[in-house]
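Let me begin by presenting the structure, written as structure tokens, before commenting on it.
The values are calculated or read from the model by the stated rules, or taken from the named source; none is laboratory data. Owing to the predicted nature of the structure, the values given are computational and were not obtained by experimental measurement. Because the Cβ atoms are built from the backbone with ideal geometry, glycine has one as well, and the counts that use them run over all protein chains shown.
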Amino acid sequence: MNKSLKTILIVLAVIVVALSSFSGGFFVGHLMPLGGQLSGGSMPIHVAPANPTQSAAQESATPEEFQTLFKPFWEAWNLVHENYVDQPVDNIKLMRGAITGMMESLGDKHSTYMDPQTFTDANADLSGEYEGIGAYVDTTNDYLTVISPIPGSPAEKMGIKPGDKIVEIDGEDMTGVEPELARRKVLGPAGSVVKLSIAREGESKLLEFEITREKIVIKSASGKMLDNNIAYIQVTTFGDKTTPELLETLKDLMAQNPKGIILDLRNNGGGYLQTAVEVTSQFLGKGVVLYEQYGDGKRTQYDVIPGGMATDIPLVVLINEGSASASEITAGALQDTGRAKLVGATSYGKGSVQNWIPLADNQGAVRITIAKWLTPDERTIHGKGLTPDIVVELTDEDFTAQRDPQLEVAAQALLHLVAGTPYTYEVPQTSPTPLPPQPSTEIPTTPVVVECPLAIPSHLMSSQSAVATTNLNLRSSPEIKDNWLKTIPAGTSVEILGNPTCNPYLNRAYLWWQIKLPDGTTGWAAEGSLVGDSYFLEPEK
């Protein structure tokens, strides 16, 4: 399969924030109304004339066997052109929207439509030159999420981490903004500055970053000699130039007769399947690299390409949360065959294969999941990731102090492997983090006044019945993070369980109530975020 079509990429694709990429998700705005009727009660409607028809041209353009199936589509198309309030409508947008909807109906976030610009950007991502902040990202969620910063990029230097969610770009709230549009807002010429507000797991407040964009020239494979005669090779992506760059690196390092090799695949977001096979074959002498499992039960086996330069030398592989897709193929094959130990953190978990198929007249492309891939031991890592043989976490303190315990442990494990002695990693002991104080659950007889100057004044009290005035999100704790439980439909009766708690947030604040639903589910819901907002919970009459 041609490399330009067949790729294994993280979530939708490995997109680099440069003149090519970025994407994600965040939780701001999930407490805002999700919909409801007009204030007058019933909605005004107009009944369209019955039996709209498709034109003869439309009928003849549809293959005969699909004319009955597509009749409602052309009816809807004509109704939009005849009845929509703002005319003329954009036929290109309608066409692209129809393709997008068709791909979304598959229920697979990796099977999508790429408009012409997105397709151009995605193909440029693996060429090795960009202008931007330098990060691999996920565009399949509601908001922009970092998969991994590119090693040596402005994003990495400023402390951007896998899982970071982009909430605001240059002061503009990204709630409700299409991830692709948000991605493009991060793009810009080298030397310009972009301001990002980021939500990070475990942080109660947004983190603010000002990042100066650069021209990022990525050498996808490079290496050097470390202490104790250890060769270190870093592969940052699996692109067009990766195999020749790896061969050049290996030639230089192997000439220095190293004791062993550390292969660093951390924050490697993936790339071409064929490149993954080629890279793996430099370290594995024989056997299977991966299997492709198709929906009809058929399977394709990818074997090692003979003639690798480093198939016998002791080997340790570094992975982390940003190691995805093609890098997981390489790491999984080396782990399953016993060729190498994996050190670091559990990988991303992208185990499917997509074809990128260009559409006619330069109208973009569709990417379609055609198979799932399995490791040599027939493991699927999709949604699970690869678990390292030696788990070593990289903490915020390590990053601040510019320590790399994962690399240090990999070097120690490699030296023991060379010596033929067992190695046991002892996790550093840390003091337990004290639990934060819990909100009071004492039952008051009047509404409790809570010091929360940016939020709506409290107006409910414990054991009182209330009703949701709009759709709300129920969360497991009184904060905005990945703690969503379920949606509370407007009109639902709830029981107030305790005093409210205030959670300041940027230039706003949320007043949180612990509530109980009719089905017995308990959790937290929030009032409006600014003084003057409407109440989302009202006393039940």
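In this structure, is ILE147 in contact (Cβ under 8 Å) with a residue 60 or more places away in the chain and either assigned to a strand (DSSP E or B) or not basic (Lys, Arg) (or both)?
Details: in contact (Cβ under 8 Å) with a residue 60 or more places away in the chain: yes; either assigned to a strand (DSSP E or B) or not basic (Lys, Arg) (or both): yes.
Judged against the criteria, ILE147 is a match.
Only one of (1) in contact with a strand residue (DSSP E or B) (Cβ under 6 Å, 6 or more places away or on another chain); (2) within 29 Å of SER111 (Cα to Cα); (3) of a type in the set (Val, Ile, Thr) is not met by VAL343, so which one is it?
So VAL343 meets the others, but not (2).
Would you point out which residue out of ILE166, ILE160 is assigned to a strand (DSSP E or B), crowded, with 21+ Cβ neighbours inside 10 Å and touching a residue at least 40 places away in the same chain (Cβ under 8 Å)? Reasoning before the result, please.
Details: ILE160 fails: assigned to a strand (DSSP E or B).
Going through ILE166, ILE160 in turn, the sole match is ILE166.
Taking the stretch 186-218 on its own, how many of its residues are among the basic types (Lys, Arg) and buried (at least 20 other Cβ atoms within 10 Å of the Cβ)?
Going residue by residue through the stretch 186-218, those that are among the basic types (Lys, Arg) are 195, 200, 205, 213, 215.
Going one step further and asking which of them are buried (at least 20 other Cβ atoms within 10 Å of the Cβ), we end up with 213.
Going through the stretch 186-218 one residue at a time, the tally reaches 1.
Can you tell me which residue within the stretch 86-107, out of those that are over 25 Å from the mean Cα position of the chain (by Cα) and not in a helix (DSSP H, G or I), is surrounded by the fewest Cβ atoms within 10 Å (Cβ to Cβ)?
Residues of the stretch 86-107 that are over 25 Å from the mean Cα position of the chain (by Cα), as a first pass: 86-95.
Next cut, not in a helix (DSSP H, G or I) only: 86-90.
Values: ASP86: 5, GLN87: 9, PRO88: 7, VAL89: 12, ASP90: 9.
Looking at residues that are over 25 Å from the mean Cα position of the chain (by Cα) and not in a helix (DSSP H, G or I), I get ASP86.
For the stretch 336-356, enumerate the residues that are in a strand (DSSP E or B) and modelled with pLDDT of 90 or more.
Initial filter on the stretch 336-356 (in a strand (DSSP E or B)): 341-344, 352-356.
Once the filter is applied, which keeps residues that are in a strand (DSSP E or B) and modelled with pLDDT of 90 or more, the stretch 336-356 yields LYS341, LEU342, VAL343, GLY344.
Conditions: (1) of a type in the set (A, V, I, L, M, F, W, C); (2) surrounded by fewer than 16 Cβ atoms within 10 Å (Cβ to Cβ); (3) in contact (Cβ under 8 Å) with a residue 24 or more places away in the chain. LEU342 meets all but one. Number of the miss?
(2)
Restricting the search to the stretch 219-244, which residues are crowded, with 22+ Cβ neighbours inside 10 Å and part of a loop (DSSP other than H, G, I, E, B)?
The answer is SER220, THR236, THR237, GLY239.
Quickly run through the stretch 176-190 and pick out the residues that are in contact (Cβ under 8 Å) with a residue 24 or more places away in the chain and either touching a strand residue (DSSP E or B) at 6+ places or on another chain (Cβ under 8 Å) or among the aromatic types (Phe, Trp, Tyr) (or both).
Scanning the stretch 176-190 gives PRO179, ALA182, ARG183, VAL186, LEU187, GLY188, PRO189, ALA190.
Yes/no per residue for (1) over 22 Å from VAL418 (Cβ atoms); (2) touching a residue at least 60 places away in the same chain (Cβ under 8 Å); (3) in contact with a Phe, Trp or Tyr (Cβ under 9 Å, 6 or more places away or on another chain):
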residue	(1), (2), (3)
LYS219	yes, yes, no
MET225	no, no, yes
GLN256	no, no, no
GLY269	yes, yes, yes
THR275	yes, yes, yes
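Among the residues of the stretch 476-508, what is the count of those that are aliphatic (A, V, I, L, M), in a strand (DSSP E or B) and at pLDDT below 80? It would help to see each step written out before you state the result.
We begin by selecting, within the stretch 476-508, every residue aliphatic (A, V, I, L, M); these are 480, 485, 488, 490, 494, 496-497, 506.
Keeping just the survivors that are in a strand (DSSP E or B) gives 485, 488, 494, 496.
After this cut, where a residue has to be at pLDDT below 80 as well, the list is 485.
Looking only at that region, the number is 1.
I want to confirm something. Restricting to the stretch 124-139 and keeping residues that are of a type in the set (D, E, K, R) and not in a loop (DSSP other than H, G, I, E, B), which single residue is modelled with the lowest pLDDT? Give the derivation first.
Of the residues in the stretch 124-139, the ones of a type in the set (D, E, K, R) are 125, 129, 131, 138.
The next check asks that each one be not in a loop (DSSP other than H, G, I, E, B); those that pass are 129, 131, 138.
Details: GLU129: 65, GLU131: 82, ASP138: 78.
Checking each candidate, the answer is GLU129.
I'd like to check which strands (runs of 3 or more DSSP E) are fully inside the stretch 245-327 and have at least 3 residues that are among the aliphatic types (A, V, I, L, M).
In the stretch 245-327, 260-264, 288-294, 315-319 are the strands (runs of 3 or more DSSP E) which contain 3 or more residues that are among the aliphatic types (A, V, I, L, M).
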